[in-house]
Amino acid sequence: MGPKIVCIVGKKKSGKTTFLEALVPALKELGLRVGTVKHDAHSFDMDHEGKDSWRHRRAGADSVAVSSPTQLALIKSVDRELGLPELALEFFADRQVVLAEGYFRSDMPKVEVHRSEAHAEPLCNAENAAEKKLLALVSDTKQDLGVPFFGLDQAREVARLIADRLLGI
């Protein structure tokens with residue numbers, strides 16, 4: 001079964017990360033174990049030249065883990081981008097909710113963050129909200145997309161909606 005996945009979507013500079021920073025503790029206040037995934041459409045490098053993990057990868061290791069008593073980091077070569085359900089089952093099986101920043105094209109439930117200062121219109125509209133599995137719109141301007149509307153400062157209310165709709169708690 002795996003954890004429930006919710007994508008936090010929106011156009012550039014809409015406040016997705018800022019809202020996610022408020023949503024994580026709000027979900028944790030409800031007693032939920034939460035993981036996050038940040039989608040990067042480009043390549044990224046977390047392994048820095050000269051570090052032992054970098055040296056392990058340079059030597060040919062396909063996967064390198066860095067482990068301590070309080071954290072675990074894994075750098076793993078992949079031959080294709082993993083989908084959200086695969087990521088959730090592989091790396092977040094011990095979490096109840098995974099918040100994925102981005103992944104607008106996925107088939108997962110979504111919360112859109114929109115700021116009118118950055119963009120005139122949100123990504124979703126009344127016509128595509130159901131198809132995109134939009135759970136809620138978070139914005140500084142009231143818009144009727146046929147889903148619950150929340151202000152940018154209402155992370156607790158969005159957390160409650162997620163817990164209710166996806167986890168039944």
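Derivation of every value follows stated rules applied to the coordinates shown; laboratory data play no part. Note that this is a predicted model, so its numbers are computed, not measured. Please note: Cβ atoms are built from the backbone with ideal geometry, for glycine as well, and neighbour counts cover all protein chains shown.
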Original post:
When only residues in the range 94-112 that are surrounded by 22 or more Cβ atoms within 10 Å (Cβ to Cβ) and among the charged types (D, E, K, R) count, which is nearest to the chain's Cα centre (by Cα)?
Top reply: LYS110
**OP:** Considering only the range 1-94, give the helices (runs of 4 or more DSSP H) lying wholly within it that have at least 3 residues that are more than 30 Å from ASP164 (Cα to Cα), without any contact (Cβ under 8 Å) to a residue 24 or more places away in the chain and not β-branched (Val, Ile, Thr).
**Re:** 52-58
Subject >> Any pair with Cβ under 9 angstrom, 6 or more apart, that starts in the range 151-169 at a residue that is touching a residue at least 24 places away in the same chain (Cβ under 8 Å) and surrounded by 15 or more Cβ atoms within 10 Å (Cβ to Cβ) and ends at one that is outside any helix (DSSP H, G or I) and among the basic types (Lys, Arg) >> reply: LEU152/ARG115; ILE162/LYS4; LEU166/LYS4
**OP:** Looking only at the range 136-145, decide whether some residue is loosely packed, with under 13 Cβ neighbours inside 10 Å and without any contact (Cβ under 8 Å) to a residue 24 or more places away in the chain.
**Re:** yes
**OP:** Residue by residue through the range 7-25, note down the ones that are in contact with a helix residue (DSSP H, G or I) (Cβ under 6 Å, 6 or more places away or on another chain), of a type in the set (A, V, I, L, M, F, W, C) and more than 11 Å from LEU152 (Cα to Cα).
**Re:** ILE8
